[in-house]
């Protein structure tokens with residue numbers, strides 16, 4: 001990807017990892033969002049909490065949390081009795 005494509009990629013709001021990549025980690029988008037939000041709060045507010053990924057693409061806690069989920073550093077477990085996961 002050249003610089004022009006990279007800048008265009010950032011401007012249009014696309015991020016890494018994409019939603020298509022993330023939904024492969026769980027069948028529940030709700031559980032994905034909740035796990036990412038919880039992890040982002042830990043990164044923002046828990047003193048000394050460091051990202052589990054090296055050189056994250058994102059500077060924001062929510063983006064880092066999504067990268068951690070995509071790279072299997074954070075595992076979303078199925079709820080007891082959940083037949084979809």
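The values are calculated or read from the model by the stated rules, or taken from the named source; none is laboratory data. Please read these numbers as outputs of a predicted model, since none were measured by experiment. Neighbour counts run over all protein chains shown; Cβ positions are idealised from the backbone, glycine included.
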- Query: Any idea which residue in region 44-59 is surrounded by the most Cβ atoms within 10 Å (Cβ to Cβ), counting only those that are closer than 15 Å to residue 71 by Cα and free of Cβ contacts under 8 Å to residues at least 40 places away in the same chain?
  - Reply: 56
- Within region 30-53, count every residue that is in a loop (DSSP other than H, G, I, E, B), within 20 Å of residue 15 (Cα to Cα) and modelled with pLDDT under 95. 0
- Which number in (1) assigned to a helix (DSSP H, G or I); (2) modelled with pLDDT of 90 or more marks the one condition that residue 8 misses? (2)
